[in-house]
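Each remark here refers to the structure printed beneath this line.
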Amino acid sequence: MSSDSLTDSMTERIATEIRDAIRSGRLQRGELYSSRELGQLFGGSRTPVREALLKLADLGLVKIERNRGARVLGPDGRGIVELCSLRVLLEPPACRAAAAVMTSLDDDALLAEYKIMEDRADGGPEYFAADECLHDLIMRSSGNERLAKFVAGLRQTLALDGRMTVPRYQSVDTALKDHWAIVDALRRRDGVGAEGAMRRHLVRSADLLVAHNSGSDRSLVAEWRRWVEIAVPERDRIPS
């Protein structure tokens, strides 16, 4: 493996571990951490730590303070709108692309993850691990590894504030139906149907997520709906 590949691999590992540490509370929101301190905590030299922090800054999880380090932010209402908007712009067309090139092995893998979700329909860790794997399988099946990695980062960042729409705001049954519509369309190689099913799932979940994280700032809901109008064909829109 080349030195560049090793650095990229370490950067991804450190970014994931920092994100997980923010989720668990090991790294406290509002606190400032130096690159040296983070390198000691997560076993990395200055370059991969700096690159990891830049990735997390792009996702709105940290703020880089020059010559001081990185301050932990975590997603806020506006950040959630931006993350949800990116997902609805990227995942549906990738789902359509996956339908054109998927194999029977991909079908089996999707069904296996869906079965776990169905069997663990309690909104617990195993359910969400299978949910994450199912989405990741679809993105990777599209053949665009960079897109798959980027979308995985969006999903993991949204999960920092907990699994926000299931089961607190949306029933597991509704989520399962949404996922089955996606899986079923992909298995039939119906790219347009899979794209529409993914859009409906993402918009339904994000509508709830944005509404419950916007507080009294109604402009955030309006901002989200603006992106829905841009990204979602009228035939696929869920009435507000």
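The values are calculated or read from the model by the stated rules, or taken from the named source; none is laboratory data. Bear in mind the structure is a predicted one, so any value in this text is a computation, not a measurement. For neighbour counting, all protein chains shown are included, and Cβ atoms are generated from backbone atoms with ideal geometry for every residue, glycine included.
Evaluate the following for Gly25: is it crowded, with 18+ Cβ neighbours inside 10 Å, of a type in the set (Gly, Ala, Ser) and closer than 27 Å to Glu126 by Cα?
Values: crowded, with 18+ Cβ neighbours inside 10 Å: no; of a type in the set (Gly, Ala, Ser): yes; closer than 27 Å to Glu126 by Cα: yes.
No, not satisfied.
For region 37-64, give me each residue that is farther than 23 Å from Pro125 by Cα, of a type in the set (A, V, I, L, M, F, W, C) and part of a loop (DSSP other than H, G, I, E, B). Steps first, please.
Kept after step one, since they are farther than 23 Å from Pro125 by Cα, are these residues of region 37-64: 37-60, 62-64.
Imposing the further condition that a residue be of a type in the set (A, V, I, L, M, F, W, C) reduces the set to 38, 41-42, 49, 52-54, 56-57, 59, 62, 64.
Hit for region 37-64 is Leu59, nothing else.
Having 2 or more residues that are modelled with pLDDT of 95 or more and either out of contact with any Leu (no Cβ under 7 Å at 6 or more places or on another chain) or in the same structural domain as Ile14 (by TED's automatic domain parsing) (or both) is the bar; report the helices (runs of 4 or more DSSP H) wholly within region 102-210 that clear it.
On the way: elements: 104-119, 125-141, 145-158, 172-187.
Helices (runs of 4 or more DSSP H) meeting the threshold: 104-119, 125-141, 172-187.
Between a residue in region 17-36 that is outside any helix (DSSP H, G or I) and any residue that is at pLDDT 90 or above and among the charged types (D, E, K, R), which pairs come within a Cβ distance under 6 Å, given they are 6 or more apart or on different chains?
From region 17-36, the pairs are Leu32/Arg71.
Which of (1) assigned to a helix (DSSP H, G or I); (2) crowded, with 20+ Cβ neighbours inside 10 Å; (3) more than 16 Å from the chain's Cα centre (by Cα) does Ala94 not meet, given it meets every other one?
That leaves (3) as the condition not met.
Filter region 213-227 down to the residues that are at pLDDT below 90 and within 19 Å of Leu86 (Cβ to Cβ) and list them by number.
Taking region 213-227 as the starting set, the residues that turn out to be at pLDDT below 90 are 213-218.
Residues satisfying the conditions are Asn213, Ser214.
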